[in-house]
Amino acid sequence: MAIKGAAHGIRGRGSYNVTVKLEGQIFKFNFLTQHSNILLAAAARSSQKAFARSYQKKVIENIKSGGKRFHYPPHSAKYKKWKAKLGGGGSLLFWGGTMAQSVVIKHAAGGTRYSVGIEQGAKRGSYGGSDKARLSVSDYANVLDHGSHPYMPARPVFSDTFKEHMGGMKGLKKAVEIGVIKHMAKAGIRVIKL
């Protein structure tokens, strides 16, 4: 089986570094210079983590629904029959719930950045295949993401969810900006987007 474009596997998505320019409110200058890094880091982390939670929830919903929103090509008649024979049902992306249950929020060391994906090595059932041919959950998600020519068309549920449901990088930037503005406002600092 060939996996087109799959040299590095599934990428974690939803990670964003924050840069901020400070100006104005001179009487708070000392407070800002002493605390801005801590305040900004806390604001960026909490808003990005909230975004990741929402993204994780949407990916799981889309896996369970078979990616209906994205209009993926249906299973071939032969595969559908084989899957049904082994108790897998007719839904795309979903057999026994293992992949949906394996979607996790990943974080960089120190919790500085968050993304959503599947941990390497997460086990899945054999579903009628031999143990030698059994793919891990992340391997299978990778096959779904890129497709397997000529057997399976690509069904990139992670990237499609990120773009369609979460607004892509623009949606992430907006979520982080709003989070920073709200967090700084709680500390009595007015932030204006330039």
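A few points about this structure:
- Meets criteria (over 19 Å from F162 (Cβ atoms) and either outside any loop (DSSP other than H, G, I, E, B) or touching a Lys or Arg at 6+ places or on another chain (Cβ under 7 Å) (or both)) for K49: no
- Residue check for G121: part of a loop (DSSP other than H, G, I, E, B), more than 30 Å from V176 (Cβ to Cβ) and either touching a Ser or Thr at 6+ places or on another chain (Cβ under 9 Å) or modelled with pLDDT of 75 or more (or both): yes
- Flag if L144 is surrounded by 15 or more Cβ atoms within 10 Å (Cβ to Cβ), closer than 18 Å to F70 by Cα and either touching a Lys or Arg at 6+ places or on another chain (Cβ under 9 Å) or at pLDDT 80 or above (or both): yes
- Note on region 62-110: residues that are within 22 Å of the chain's Cα centre (by Cα) and modelled with pLDDT under 80 amount to 10.
- Counting the residues of region 159-194 that are at pLDDT below 80, in contact with a Phe, Trp or Tyr (Cβ under 9 Å, 6 or more places away or on another chain) and surrounded by 14 or more Cβ atoms within 10 Å (Cβ to Cβ) gives 2.
- Some residue of region 22-32 being at pLDDT below 80 and of a type in the set (G, A, S): yes
- Subset of region 160-177 that is under 19 Å from S65 (Cβ atoms) and of a type outside the set (S, T, Y) - its residue that is nearest to the chain's Cα centre (by Cα): F162
- Among residues of region 144-179, those that are within 22 Å of M99 (Cα to Cα), part of a helix (DSSP H, G or I) and touching a residue at least 24 places away in the same chain (Cβ under 8 Å), counted: 10
The values are calculated or read from the model by the stated rules, or taken from the named source; none is laboratory data. Predicted model, so just to flag it, every value in this text is computed and none were measured. Neighbour counts are summed over all protein chains in view; Cβ atoms, including those assigned to glycine, are modelled from backbone coordinates with ideal geometry.
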